[in-house]
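What follows is one structure encoded as structure tokens, with my remarks underneath.
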Amino acid sequence: MLSYIGRRASHSIISVLGLLALVFFLTRLTGDPSSLFLPLDSTLEARQAFARLHGFDQPIHWQFLNYLRDLVSLDFGQSVRQNRSAMEIALEAFPQTLKLAFVAMALAIALAIVAGSIAATRPGGFFDRIVSLVSLTGASAPDFWIAIVGILVFAVSFDLLPTSGTGSLAHWIMPVFVLALRPFGLLVQVVRGTMLSALSAPYIKTARAKGLRRKEIIFGHALRNSLLPVITVAGDLTAGLVNGAVIVETVFGWPGIGKLMIDAIILRDFAVVQSTILVTATAIFVLNICIDLLYAVLDPRIRY
Amino acid sequence: MSPTSKSTSPLLTVENLTVDFLSDESPVRAVNAVSFDVSRGETLVILGESGSGKSVSTSAVMDLIDQPPGDIVSGRISFDGAPIGNLRGEPRRLINGQKIAMIFQDPLAYLNPVYTVGRQIVEIFACHGVASGKEARERSIELLRRVGIPEPDTRIDQYPHQFSGGQRQRVMIAMAIALKPDLLIADEPTTALDVSVQAQILDLLRDLQNETGMALILITHDLEVAASMADRVIVMNRGEIVEAGVARDVFTSPRHAYTKKLISALPHGDTAEGGNRRSTIPSGETVLKVENLTKEYLFSQGLFGKKQSFRAVNDVNFEIRKGETLGIVGESGSGKSSVARMLLRLTEPTAGRAIFAGEDIFSMNQARLLAFRRKVQMVFQDPYGSMNPRMSVHAIISEPWAIHGDILPQARWKDRVVELLELVGLNPEHVDRYPHQFSGGQRQRIAIARALASEPDLIICDEAVSALDVSIQAQIIDLLADLRTRLGLSYIFITHDLPIVRHFADRIVVMKQGEIVEDGSTSAIFANPVHPYTQSLLEATPVPKWMAVRAPRPTGRARDALTL
Amino acid sequence: MTALISDITVSPRTGKLRTIWNCLKRDKLALAAVIFLLLLVIATLAGPPLIGDLATKLGLRQRNLAPFSFQHDWIYFLGADTLGRPIIARLVVGAQNTLGIAFAAVLCSMLTGGILGLIAGYSERWYSQIIQRLADVVMSFPSLLLALIVLYTLGPSITNLVIVLAFTRMPIYLRTTRAEVLELRERMFVSAAISMGASPLRIVVRHIAPLVLPTLLTIAALDFATVILAESSLSFLGLGIQPPDFTWGAMVANGRGYLANAWWISFWPGLVILLTTLSLNLLSSWARTFADPQQRWRLQSLRKTPR
């Protein structure tokens, strides 16, 4: 088990390094890096001074080694806009996103399992049709549009909820709902599908021949087996939640890592962009390892 | 086990049962007006080939048919005098698991993979309110011990995938007999198992029946299993009962044409040396000579664990002459298929030589290998799997010519495909059809036609008839024998079923755990098996029940004298 | 029981289209989705030549014109934007860009992912490993962020947008293809072909690729919806398509500032995105049921035997 985690961690580090290298070389290969690193309105002198300072006149592989050396010594650069450590800024924003993502995902998973498994017990029934349509709509809806329509209805027209910011519980309602909608929609589809196939699996026939109660068959045998694929998908969706967070945080002015990244991109604050990548990537790799471990707990056939 | 006493009424009666499966527009009839009954202590065998509807009627008894798409059109099912056909919910639970229990063909799929076997047995005691907690666990361990699982008190906490195929079926049986049901339904319980394991499972079922006096309904496609277990038999074909009666009468003097066909096709049916399909040509020149063939697999345990080796094939030697058929017989894991794959260079051997036309197969370069692959062809077990489902029959048969450009000019392909189809007994008008439009036997004929297309000297048949129904097996063997005589082919015929090669192979090699334990001429092997393993293979073939009563443990040779 | 059904129902090849049509008729939502998609395709192909000019025609009198007014031309039925351009015309032109970009991206990712997947699945050489690790890196990071970063460095343009979208979706095809190839290469017909002497190229092209293709097309159909959403998000954030070109996502972004007084500028393009992706999802959900022999009966008109 430990050796497995070690192996996974080393794969993850290689992946993060690959990602950073990708970003690093992309930025250097597409022209003058100082235009990326510095604000668009900076002067020519400032650019030249910047280039000299950061060694852009050196060969590219040398630059990359320098960059890695800085990484190892935990130097992630300074934000050119805020004049403080870029990593500090990223780590400040990260918990905000984490809270939002956790609430949204917990809600999406819980509702999806309930709705999906009830729908699967009576396929084609009224509840199933409603759940299918709602979940497909949730999976198909552009989240930025849902957010805008939400603001239009609940903030502009009826003045029930705040348009942006954090603070009260009311500030949470729309961001959480918009963020949870797509994972919820996709997960319901998965739960319903795996439940349907689990319910027609041979071991369910055995359970029926054994004379188990319907409740025991559905929740004891079928749901337990259909949880396995659900966990995989839920893990991928949680990682993908960062996508939604960028949109939601931008629209609702939530001070999380998604908004930070967009802002940094627009302001050309490159060190911050790279720090947010590093933080997000690390979080996702930790998440993936947790998913794998959970999988091993739930499926006795898997041993690492 | 004595046949039912006439005084008691039957335990289970099924009358006039008709079941449809609904599909687009018109329903498909799965069973039509089926009636049967079974009494305590009796074994009823429902015999039929795949698609005969033999499982549907017992599924109806257990209320396992989903409606829709299933649709029970008519029929009365009564158990112990009371109708049970329409029972659902709680009343149904008083029957299922308690009065009637069922075991299935593929225990790995029919056991829940994420729960320990212990939990799955305890569950039965718990949900029927018989026992719980420690007592249920104790009783489960006892059950596992009874069905012959070694060290039951530790293995109870293991998961289904940690058991072997035969043990899993034992676990299923333990679950089924937990509450001492009056009726046990066994749906193809031994089909996926090796013959020797099959015999053990059948023995276990027989013993349990003796102990508890339960009724047993055994569903099978295997005539020998049927004969060895049945007091009474019903034979099903296309959803209807074509023949029913006391086992001995049905097997020894079948009345219905379908039953006659089934029984005559049985390769073990006639044991007279005269009726054989062996080669008539006396030994010709050597086609292939295999020397010291060995295949070793290395696997490591853990990240830095030390390498372990496993010999799938160990020092195998044999040779085959022109016009001859060599049978390689062994159970799963014997290495027989590894031999075939190595001879075709689908896997590389660890050591050894195979001399074909004066040249070692294993040291050929790409060009020589290509030429060799023209001369040696293979016919696989599953004719559907061995053909690309998206290629038409024409494309399948002409593929060797597309690969080896020098065999036949493209202009002649069409005519030659027609010739080959006629040669293997297929309608040449079907050249544009796809594999799924043919039956299993027809597909195997296409596979043979494809093998013949490159005009080979040697054809390796790997379990070539094992996936086919018995009546079709004989036809394919006849075809192969006929082609051998006409085209002067040699065969290596690999099978797990010793009796099937009896009338076909000239010589037999018996393999066990990667080694050859016995070889010799077919008649010698059957008449006088020397190695204990060969003897056990011959014995493992089930013995008809009405004979077993008189001679409980016939030896291999004694069995030989019996006629079915 | 399902084994039995497949045993006894051998559907004839003829009338396959009729079967599909019958099953489609039974699912009203899927039928509606097909009709909507057909209308959309017709509008996208025929619309721009007819009303494309109107999409850029400024109309001072129609500025922020509210929808559902019968006093103006039908083209203003859904209202007009802040520059008085009719929304309907802009939706049609936006459709061409949105669907065109999505189609190009899906095609590129399917082709590259499929080919790389065939290589990674069939070959055991070093480059097979490299391909897989690369896919892992791309997969392990949220696609929108990756796209943002790449667009940030490459600069936004339609070509870059297609490349980025294709690049982020490519691992899906690669992994699926590779998984299928790993399974298919163990199948007996591949062993049969090898034992007949077929070359690796022939096996991949003749035997494996044709069997992988249907799976890839199924994914592509579903992925089309994902790519439309991804493109809209990027354009909404301002890193996608740049003015004067526009897509539905960019239209939503343009109207964002006028929510309080002209909600329709943002609302309609978003609704069209929703309807398009919903239709695609409804259709693929229907196709999944149709393709599953255990579930297909749900889409068929079942007639019981009279008794």
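The values are calculated or read from the model by the stated rules, or taken from the named source; none is laboratory data. Bear in mind that the values here come from a model prediction, so they are computed numbers and not experimental data. Here the Cβ is made from the backbone with ideal geometry for all residues, glycine too, and neighbour counts use every protein chain on show.
Answer yes or no as to whether B:SER386 is in the same structural domain as B:LEU468 (by TED's automatic domain parsing), within 25 Å of the chain's Cα centre (by Cα) and not hydrophobic (A, V, I, L, M, F, W, C). Answer is yes for this residue. Where helices (runs of 4 or more DSSP H) fall entirely within the range B:122-194, those with at least 3 residues that are touching a residue at least 24 places away in the same chain (Cβ under 8 Å) and under 31 Å from the mean Cα position of the chain (by Cα) are at B:133-146, B:165-177.
For the residues C:VAL164, C:VAL181, the requirement of being more than 14 Å from chain A (Cβ to nearest Cβ), in contact (Cβ under 8 Å) with a residue 12 or more places away in the chain, crowded, with 21+ Cβ neighbours inside 10 Å and assigned to a helix (DSSP H, G or I) singles out C:VAL181. Do we have A:LEU227 as in the same structural domain as A:ALA141 (by TED's automatic domain parsing), in contact (Cβ under 8 Å) with a residue 24 or more places away in the chain and out of contact with any helix residue (DSSP H, G or I) (no Cβ under 6 Å at 6 or more places or on another chain) here? Considered against the rule, which asks whether it is in the same structural domain as A:ALA141 (by TED's automatic domain parsing), in contact (Cβ under 8 Å) with a residue 24 or more places away in the chain and out of contact with any helix residue (DSSP H, G or I) (no Cβ under 6 Å at 6 or more places or on another chain), A:LEU227 comes out as yes.
Per-residue answers, yes or no, for (1) more than 9 Å from chain C (Cβ to nearest Cβ); (2) free of Cβ contacts under 8 Å to residues at least 40 places away in the same chain; (3) in a loop (DSSP other than H, G, I, E, B); (4) under 21 Å from C:SER233 (Cα atoms):
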{"position": "A:ALA234", "(1), (2), (3), (4)": "yes, no, no, no"}
{"position": "A:ILE247", "(1), (2), (3), (4)": "no, no, no, yes"}
{"position": "A:VAL251", "(1), (2), (3), (4)": "no, no, no, yes"}
{"position": "A:TRP254", "(1), (2), (3), (4)": "yes, no, yes, yes"}
{"position": "A:ILE265", "(1), (2), (3), (4)": "no, yes, no, yes"}
{"position": "A:SER275", "(1), (2), (3), (4)": "yes, no, no, no"}
{"position": "A:LEU278", "(1), (2), (3), (4)": "yes, no, no, no"}
{"position": "A:PHE285", "(1), (2), (3), (4)": "no, no, no, no"}
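Checking each residue in the range B:339-371 for being free of Cβ contacts under 8 Å to residues at least 24 places away in the same chain, within 33 Å of the chain's Cα centre (by Cα) and either over 16 Å from B:VAL316 (Cα atoms) or facing chain C (nearest Cβ under 9 Å) (or both) picks out B:ARG341, B:LEU346. Of all residues in the range B:71-89, those satisfying the criterion of being under 20 Å from A:LYS205 (Cα atoms) and at pLDDT 85 or above are B:ASP71, B:ILE72, B:ILE77, B:ILE84.
Is there a residue being under 21 Å from A:MET261 (Cα atoms) and among the small types (Gly, Ala, Ser) anywhere in the range C:207-226? The answer is no; no qualifying residue exists. Here the range B:59-91 is the region considered, the condition is being out of contact with any Leu (no Cβ under 9 Å at 6 or more places or on another chain) and assigned to a strand (DSSP E or B), and the residue that is surrounded by the fewest Cβ atoms within 10 Å (Cβ to Cβ) is B:ALA82.
Among the residues of the range C:24-38, those that are in contact with a Leu (Cβ under 9 Å, 6 or more places away or on another chain) and assigned to a helix (DSSP H, G or I) comprise C:LEU24, C:LYS25, C:ARG26, C:LEU29, C:ALA30, C:LEU31, C:ALA32, C:ALA33, C:VAL34, C:PHE36, C:LEU37. Based on what the data block shows, is A:VAL230 more than 13 Å from chain C (Cβ to nearest Cβ), part of a helix (DSSP H, G or I) and either on the phi > 0 side of the Ramachandran plot or of a type in the set (A, V, I, L, M) (or both)? Yes, satisfied. Looking at the range B:200-216, is at least one residue touching an Asp or Glu at 6+ places or on another chain (Cβ under 6 Å), more than 15 Å from B:ILE100 (Cβ to Cβ) and not in a helix (DSSP H, G or I)? The answer is no; no qualifying residue exists.
Set side by side, the residues C:PRO210, C:PRO243 differ, and just one is over 25 Å from C:LEU29 (Cβ atoms), more than 10 Å from chain A (Cβ to nearest Cβ) and outside any helix (DSSP H, G or I), which is C:PRO243. Scanning the range B:17-28 for residues that are under 29 Å from the mean Cα position of the chain (by Cα) and crowded, with 20+ Cβ neighbours inside 10 Å yields a total of 5.
If you take the residues of the range B:379-395 that are more than 7 Å from chain C (Cβ to nearest Cβ) and out of contact with any Gly (no Cβ under 8 Å at 6 or more places or on another chain), which of them is surrounded by the most Cβ atoms within 10 Å (Cβ to Cβ)? By that ranking, first place goes to B:VAL393. Residues of the range C:231-267 that are aromatic (Phe, Trp, Tyr) and surrounded by fewer than 23 Cβ atoms within 10 Å (Cβ to Cβ): C:PHE246, C:TYR258, C:TRP263, C:TRP264, C:PHE267.
Look at the range C:128-142: where a residue is on the phi < 0 side of the Ramachandran plot and a partner is charged (D, E, K, R), sitting 6+ places away or on another chain with Cβ atoms under 9 Å, you get C:SER128/C:ARG178; C:ILE131/C:ARG178; C:GLN132/C:ARG175; C:GLN132/C:ARG178; C:ALA135/C:ARG175; C:ALA135/C:ARG178; C:MET139/A:ASP236; C:MET139/C:ARG175. Checked against (1) in a helix (DSSP H, G or I); (2) over 24 Å from B:ALA257 (Cβ atoms); (3) of a type outside the set (D, E, K, R); (4) out of contact with any Leu (no Cβ under 9 Å at 6 or more places or on another chain), B:SER466 passes all but a single condition, namely (1).
Residues that are of a type in the set (A, V, I, L, M, F, W, C) and either in a loop (DSSP other than H, G, I, E, B) or facing chain A (nearest Cβ under 8 Å) (or both) within the range C:272-307 comprise C:ILE273, C:LEU274, C:LEU278, C:LEU280, C:LEU282, listed in sequence order. Evaluate the following for C:ILE172: is it of a type in the set (Val, Ile, Thr), free of Cβ contacts under 8 Å to residues at least 24 places away in the same chain and within 12 Å of chain A (Cβ to nearest Cβ)? Answer is no for this residue. Restricted to the range C:150-161, and to residues there that are over 14 Å from C:SER233 (Cα atoms) and either small (Gly, Ala, Ser) or buried (at least 19 other Cβ atoms within 10 Å of the Cβ) (or both), the residue that is modelled with the highest pLDDT is C:SER157. Restricting attention to the range B:92-119, the residues being at the interface with chain A (Cβ under 8 Å from one of its Cβ atoms) and assigned to a helix (DSSP H, G or I) number 6. Scanning the range A:169-204 for residues that are within 14 Å of chain B (Cβ to nearest Cβ) and modelled with pLDDT under 90, we see that the one that is nearest to the chain's Cα centre (by Cα) is A:THR194. In the range C:254-269 there is no residue that is assigned to a helix (DSSP H, G or I), within 11 Å of another protein chain (Cβ to nearest Cβ), within 15 Å of the chain's Cα centre (by Cα) and closer than 29 Å to C:LYS28 by Cβ. Which one is nearest to the chain's Cα centre (by Cα) among residues in the range B:424-439 that are surrounded by fewer than 18 Cβ atoms within 10 Å (Cβ to Cβ) and in a helix (DSSP H, G or I)? Ranking the qualifying residues of the range B:424-439, first place goes to B:HIS436.
Of everything listed in (1) crowded, with 23+ Cβ neighbours inside 10 Å; (2) within 24 Å of A:GLY235 (Cα to Cα); (3) in contact (Cβ under 8 Å) with a residue 60 or more places away in the chain, the single unmet condition for A:ILE113 is (1).
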